[in-house]
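Quick note: the coordinates plus some simple rules give every number you see, no bench work behind them. Please read all numbers here as calculations on a predicted model, not as lab measurements. Please note: Cβ atoms are built from the backbone with ideal geometry, for glycine as well, and neighbour counts cover all protein chains shown.
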């Protein structure tokens, strides 16, 4: 380990300065969204980089306007996005960890077939199934925000089961045997013994799937009944689709509203998020 | 596979009775969300259809149409070029940023946080933000993003690099941190300078991370959709022999826009999707082969 009071060299200070400048490239685009969300429509068009002045400054008017405009309340989209993400990820975490444990512990034809199908599904791009998936979902009434989590479970199962399996296979079976000897049935063994040990993988899978579902555009766009339900990405694309006819300032306010919660969550759990990404990459 | 054999039937036998609980729900959802749409997708790629009910068998005529489709060829060319350019830019940048950030340096955690941030924002929103920025810059030269296919292409490269450099950086940082400390010390004792250490000690130890990131950027580029749609939507387009070619379209967007031309193109779009699947699958299998070899 390095000594605590070691001094930073000149080179390292220069590197910090360089990276501080480089960081601006990452910060400025987000800053421009904030900037324009406070300006009135004409001024966004005129020069998006100009700071608000007395004439162009709108205060929070864009935010108030943005909540209802485009004939669809933003809060409704936000609620559907939130519900779909939470329900889908909860389903995926619970049911895929259960399946992965079954596959790891039971060597039957069924579990082998399922395992190879999961591996196979990981190399299939969404475009291959998207049209047919939307037909199937329509037919089975999976086209509402309350039932679409089943579609997410189905399409996300491959990667999740694969990641859980990688971890479960390294777990010593002795602990579960001890539980069995002590009279635990499979259900209790899983929930009281196995699941707590899976915590690191639950976090990794949870983070990867949350990032996927929350930001996903195409699946809900094709599957949901669009006349009734929108999610945040669909809402944003819908506004962009009517480019020129919509209020750009208010659109920027909506984008801001959709980014703020993510950034807050990120700042609080960035350690887990970064670890989850690194773990997912190594295994996936 | 042998090592995964459980030694205890004590655990496995009772679970078998609970397959309806542990396996069945996920398996049913998996069939709905993947297996059935996949099989139906293969079947419909040989059909003319509006919905699966009115599908009529067409043989390979959809595939013949795909190979004569100038828009698809253009999208393929775009995708290949886009993949090569973004693999090089993203990996070089991410590698050296990760290298610098694992040195002793003030603020390195803050920089990591900042560079990774775009990955939390959806591609559609990012596309919207960057189209505003590019249009704002190009307006100063009296032009706009979708005026010229070159702007659109490089705009997408910038957007995606901006987003994914942070993601790959995280993986490279983990790679740098797993280089054995004693090897680095031995290099210092042997009098290796910084570059010698980097290329002769660190890089050989990081071939795993490099392979993972290269293939991740490759498959990401091939599957790129949201950013492409939100940034240019394929514009501008030209007419060639009576067919419309969207100049900045990548493969995934081309499949989608083909489907939306009209119902006579549904089968063609599905055939494109099958070809696209084969392409992506082959890339993934090569990846498996290469990374296995690395191990």
Averaged over residues of A:115-126, the number of beta carbons from other chains lying within 10 Å of each residue's Cβ is 5
Within 10 Å of each Cβ in A:101-113, how many Cβ atoms from other chains are there, averaged over the peptide? 5
With r defined as the distance between the Cβ atoms of residue B:43 and residue B:285 and R0 fixed at 30 Å, what FRET efficiency is calculated, to the nearest 0.05? 0.80
Taking every residue in A:22-34, how many Cβ atoms of other protein chains lie within 10 Å of its Cβ, on average? 4
In nm, give the distance between the simple-model label positions of residue A:53 and residue B:88, each being 7 Å from the Cα along the Cα-to-Cβ direction. 4.4
Binned at 5 Å from 0, what are the whole-percent values of the Cα-Cα distance distribution for chain B, short to long? 1, 5, 9, 11, 12, 12, 12, 11, 9, 8, 5, 3, 1, 1, 0, 0
Computed lengthening from residue B:278 to residue B:244, 0.36 nm per intervening residue step minus Cα-Cα distance: 9.7 nm
For a quick protection proxy, order the peptides B:231-237, B:67-73 by their average other-Cβ count within 10 Å, most packed first. B:231-237, B:67-73
Mind giving me the nanometre distance, one decimal, between the label points for residue A:71 and residue A:141, set 7 Å out from Cα along Cα→Cβ? 2.8
Helix A:232-241: angle to the longest alpha-carbon principal axis of chain A, degrees 0 to 90, nearest 10? 40
At a Förster radius of 51 Å, what calculated FRET efficiency corresponds to the Cβ-Cβ distance of residue A:108 and residue B:263, to the nearest 0.05? 0.70
Return the calculated 222 nm mean residue ellipticity for chain B, to the nearest 500 deg cm²/dmol, obtained by summing -39500 (n - 2.57) across DSSP H runs with n ≥ 4 and dividing by the residue count. -21000 deg cm²/dmol
State, to one decimal in nm, how far the label point of residue A:21 lies from the label point of residue B:200, with both points 7 Å from Cα in the Cβ direction. 3.3
Divide by every residue of chain A the summed helix terms, -39500 (n - 2.57) for each DSSP H run of at least 4, and state the resulting mean residue ellipticity at 222 nm, rounded to the nearest 500 deg cm²/dmol. -23500 deg cm²/dmol
Convex hull of Cα atoms in chain A, direction-averaged projection (nm²): 21.8
For the pair residue B:31 and residue B:81, what calculated FRET efficiency results from E = 1/(1 + (r/R0)^6), where r is the Cβ-Cβ distance and R0 = 51 Å, to the nearest 0.05? 0.85
Alpha carbon centre of region A:20-77 versus region B:264-295: separation in Å? 40
